[in-house]
1. Using helices alone, I'd like the mean residue ellipticity at 222 nm for the chain: each DSSP H run of four-plus residues gives -39500 (n - 2.57), total over residue count, nearest 500.
2. For the chain, find the longest principal axis of its Cα atoms and tell me its angle to the long axis of helix 305-320, 0 to 90°, nearest 10.
3. Shape verdict for segment 265-407, please, from the Cα gyration tensor: rounded (a/c under 1.5), prolate (a/b greater than b/c) or oblate.
4. Quick check on segment 232-299: take the gyration tensor over C-alpha atoms, sort the square-rooted eigenvalues as a ≥ b ≥ c, and tell me if it's rounded (a/c under 1.5), prolate or oblate.
5. Given labels modelled 7 Å from the Cα in the Cβ direction, how far is it in nm from ASN389 to LYS364?
6. Under a GNM of the chain (C-alpha, springs under 10 Å), which listed residue has the highest mean-square fluctuation: GLY230, GLY304, GLY366?
7. How far apart, in nm, are the 7 Å Cα→Cβ label points at GLU209 and LYS407?
8. Could you check the simple spin-label distance between LEU273 and GLU242, using points 7 Å along Cα→Cβ, in nm with one decimal?
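The values are calculated or read from the model by the stated rules, or taken from the named source; none is laboratory data. Quick caveat, the model's predicted, so the values are computed rather than measured. Virtual Cβ from ideal backbone geometry, glycine too; neighbours counted across all protein chains shown. Quick note on the areas: whole protein, heavy atoms, side chains included, nothing else; ligands and nucleic acids left out. Shrake-Rupley method; radii C 1.70, N 1.55, O 1.52, S 1.80 Å.
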Amino acid sequence: MTNIYDTLVERGYFAQATHPEEIREYLAKPGAVFYIGFDPTADSLHIGHLTQMMIMAHLQKAGHIPIALMGGGTGMIGDPSGRSDMRQLMTPETIEHHVEKFKEQMSRLIDFSENKAIMVNNADWLLNINYIDFLREIGVNFTVNKMLATDIYKNRLEEGLTYFEFSYILLQSYDFLKLFRDYNCRLQLGGNDQWANIISGADLIRRKEKADAYGMTFNLLTNADGEKMGKTAKGALWLDAEKLSPFDFYQYFRNLDDASIINTMKILTFLPLEEINQYAKLEGQDINKAKEVLAFEVTKIVHGEQAALSAQKQAQQLFSGSGRSDDMPTTELAEEIAFATPLLDILADHKMVPSKSEGRRLIKQGGIYLNDFAISEFNYVLSADDFSNGEAIIRRGKKNFFRLIIK
């Protein structure tokens, strides 16, 4: 039977580990407890989080027990890793709202039924810590010079590093210790930017409990140029259908560059490696088949099979058929607004273009179409002649379609 550690390596997740052989042995038998932390800095998870969730799901399928740690406490500070400035502070109410959204989205992929997975919130133990007791028990195990040597803090010294953020590594390390004591959790996983935080937590367990604890990090999802994947014309690649429609989510992967397809398929789908290797042999226009499979599989994981089928159908109708679909993003306009407001304003107000300035740029370059005719006037106003059976089709570029309906 294949060790799940080897599977993670084969699928391209693995970056580095504190004790590779010990971790492999730890994961050799079902029942290993591990955790990944999620700080609630927004009201939705994004594609970077999906990589972590896929890892949790792979390990859970192998019989191990994931702990999804919601950072209700650490989120009050914000992880300084990879930051050039301090994160904007959030209210407790905002953090709690974000945590609830995270729980809902994660449950689509992780089975949180009894004894299958655990979800906890570090606000339960961090928000009521006695400061002096914490320094006496935890703070004495950290040296300032060692902390300052980590990339987390070293890169911030010139711009300015607050003591507020300086304490973050102690809190995350304490999380690991707490989860070890409560659930016998011996393995923390995270993105490669979490390396310093993870090894500090494992070291704390060894110091305080004289027990073995391990850390393993994973590669960030990147495109063929090595750039972090997940930006769209509308911003981040969110997992919330209200922030990014399933169709736009599907289209992101359908339009991914050829060189990124196979790696992304390994990381963001459960397709067997044997099948993925067959897609890797495709060339020329045949690569589009692999793109369609990738887009469908990832959308199905995040939004469900019905949403994936709908997005797939819409894409086929738009790009292989008549140029319209009942499933395309639709905006209803009152007649008195539609025929009195510049089209550019309508596009910006309803997020069909990221901004008015971007809309002007697209119009200038011939990238905005109304019913397949390029719009050339910045102040163009719709009229009844632009609508057939009460609808008009807007196209941005080659592959972004929107429907306007007069109500």
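1. Only helices count here, giving -12500 deg cm²/dmol.
2. For 305-320 against the chain, the angle is about 40 degrees.
3. Working: a/c = 2.63, a/b = 2.16, b/c = 1.21.
Prolate, since a/c reaches 1.5 and a/b exceeds b/c.
4. Values: a/c = 2.54, a/b = 1.79, b/c = 1.42.
Prolate is the answer for segment 232-299, as a/c is 1.5 or above and a/b outweighs b/c.
5. Placing both labels 7 Å beyond Cα along the Cβ direction yields 3.8 nm.
6. Answer for the Gaussian network model of the chain: GLY366.
7. Each label point lies 7 Å from its Cα, and together they span 5.5 nm.
8. Rounded to a tenth, the inter-label distance reads 4.1 nm.
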